[in-house]
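First up is the structure itself, then whatever we jot down about it.
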Amino acid sequence: MPKKRRRKEDRTITKCLFPAAGYGTRFLPATKATPKEMLPILTKPLIQYGVEEAVEAGIHTMAIVTGRGKRAIEDHFDRSYELEHQIKGTSKEPLMNEVRSLITQCTFSYTRQVEMKGLGHAILTGETLIGSEPFAVLLADDLCTNGADSVLKQMIEVYEKYQCSVVAIEEVSMDQTDKYGVIAGNLIDGTDDTYRVTDMVEKPAPKDAPTNMAIIGRYILTPDIFDILRETKPGKGGEIQITDALLDQAKQGKVIAYKFKGKRFDCGSVDGFVEATNYFYEKSKREN
Ligand code: G1P
């Protein structure tokens, strides 16, 4: 039987939040006057890969939490009449096709995080753009790729089944646990990739980590997370951590961790950034 196409109003997750207020200090001086989300892998900025992943998952409302010095993101997702006029009819025109298509398919709204108080605080700042519906969160410096369904799309399917918050996880080597939120949980429903989370810790030292299952920058969150975040005290590094707020939901059995299918590059680090560049370069050579 042919798959029934979902109508827009049937979709459960319609908005994607992009926390994009961080300073990107690991990439100084490149990020002195340029948002880290605008650093390109080949010719495309990181945040555009993220928006494309959201669109692939059927999401067309992008909610971006920015900060000072991030205006280039807004300009990127806007028309540029002068430039478009200049390149019209030339061989360069197609280079703008992808971003132009995103601009016509999506709406972009922005709010500013005035003080940098952590990822949890950035997500709470986005409440004004999200309202009271479940939503996706995408951290653009985790660049994900998959031949078939995008990671967000896979996660939305998991959300639709369990109707609670979902985090994407991958196994990392034990000496890397202090870079991530780490979960513990039990496999459910006879799967080998879906866990009911029982514990989560933000950036534990290897000796304190419950497992090596690390959260990557993809989340589906239910809107009660905002009330929890309002009450969440600063945690690791003195910041309000989304991991701590999620632990509150996990204690009620309401967080699923999903081991996604695909590849993820940590483009928040120079090594991961170079790895992603090489990967996409090889891929583009194969495709051309
Ligand atoms: C954030 C979260 C962390 C998560 C990571 C994924 O950390 O706090 O729990 O594992 O994103 O990329 P950050 O990388 O912003 O320090």
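Laboratory data are not the source of any read-out in this text; all were calculated from the coordinates shown. Computed from a prediction, not measured in an experiment: that's the story for all the values here. Ideal geometry is used to build each Cβ from the backbone, glycine not excepted, and the neighbour counts take in all protein chains shown.
Observations on the model:
- Within the range 175-288, strands (runs of 3 or more DSSP E) holding 3 or more residues that are acidic (Asp, Glu) and within 10 Å of the ligand (Cβ to nearest atom): none
- Within the range 196-212, the set of residues being within 22 Å of residue 163 (Cα to Cα) and crowded, with 22+ Cβ neighbours inside 10 Å comprises 197, 200.
- Of all residue pairs spaced 6 or more apart or on separate chains, those with beta-carbon atoms under 6 Å, a first member in the range 157-174 that is under 10 Å from residue 213 (Cβ atoms) and a second member that is surrounded by 13 or more Cβ atoms within 10 Å (Cβ to Cβ) and polar (S, T, N, Q) are 171/212; 172/212.
- Residue list for the range 148-165, filter: over 15 Å from residue 133 (Cβ atoms) and touching a strand residue (DSSP E or B) at 6+ places or on another chain (Cβ under 6 Å): 151, 152, 155, 158, 162
- Counting only helices (runs of 4 or more DSSP H) that fall entirely inside the range 1-110 and contain at least 2 residues that are within 30 Å of residue 222 (Cβ to Cβ), the qualifying elements are 46-56, 71-76, 97-105.
- Subset of the range 150-174 [among the polar types (S, T, N, Q) and not in a helix (DSSP H, G or I)]: 150, 163, 165, 173
- The set of residues in the range 86-99 being basic (Lys, Arg) and either crowded, with 16+ Cβ neighbours inside 10 Å or closer than 17 Å to residue 40 by Cβ (or both) consists of 92 alone.
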